[in-house]
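Encoded as structure tokens, the structure appears first; notes follow it.
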Amino acid sequence: MGKKINEAIGGRIRAYRESLGMNRESFSEQVGLSPQFLAEAESGKKGLSAESIYKICSSSDLSADYLILGKVKKDKLKNPLDHVLQEMPADYSAHYVKVLQTVGAIIAEAQKDSVEQYKQNNE
């Protein structure tokens with residue numbers, strides 16, 4: 001059971017870090033952990049001490065509830081999609097973060113194209 005918990009917590013850390021677009025070295029510097037330890041924690045090979053959890057949570061937007069339990073209080077959700085993401089299995093976290101990043105990039109590109117087209121039509 002401990003290995004599954006470590007993998008779930010590590011997956012949430014990795015997904016959060018990737019959602020910020022940060023590499024492991026930058027994030028480890030931000031939270032005060034070594035890149036090697038962070039890699040082992042993200043892969044579930046090592047568990048996190050209370051001190052490590054404190055370092056991660058106090059220097060990022062991750063809550064300890066989310067990091068450990070994978071749950072967010074519903075009153076803390078920013079949009080309806082957050083609830084859907086919260087209910088997904090932890091081992092999917094890295095995948096759905098990549099999907100959301102891709103969708104976000106597509107939307108940003110479409111908005112850019114729309115603005116350029118508007119400018120061309122109004123010149």
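The values are calculated or read from the model by the stated rules, or taken from the named source; none is laboratory data. Nothing here was measured: the structure is a model prediction, and the numbers come from that model. Virtual Cβ from ideal backbone geometry, glycine too; neighbours counted across all protein chains shown.
Here is how the numbers come out for the structure above:
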read-out: Evaluation of ASP75 against (1) at pLDDT 65 or above; (2) over 16 Å from SER19 (Cβ atoms); (3) not in a loop (DSSP other than H, G, I, E, B) (one fails), failing number; value: (1)
read-out: In segment 1-13, residue nearest to GLY70 (Cα to Cα) [restricted to those that are of a type outside the set (A, V, I, L, M) and out of contact with any Leu (no Cβ under 9 Å at 6 or more places or on another chain)]; value: GLY11
read-out: Segments classed as helices (runs of 4 or more DSSP H), wholly inside segment 4-67, with at least 2 members that are among the hydroxyl-bearing types (Ser, Thr, Tyr); value: 24-31, 50-58
read-out: Segment 15-25: number of residues that are within 12 Å of SER60 (Cβ to Cβ) and more than 12 Å from the chain's Cα centre (by Cα); value: 0
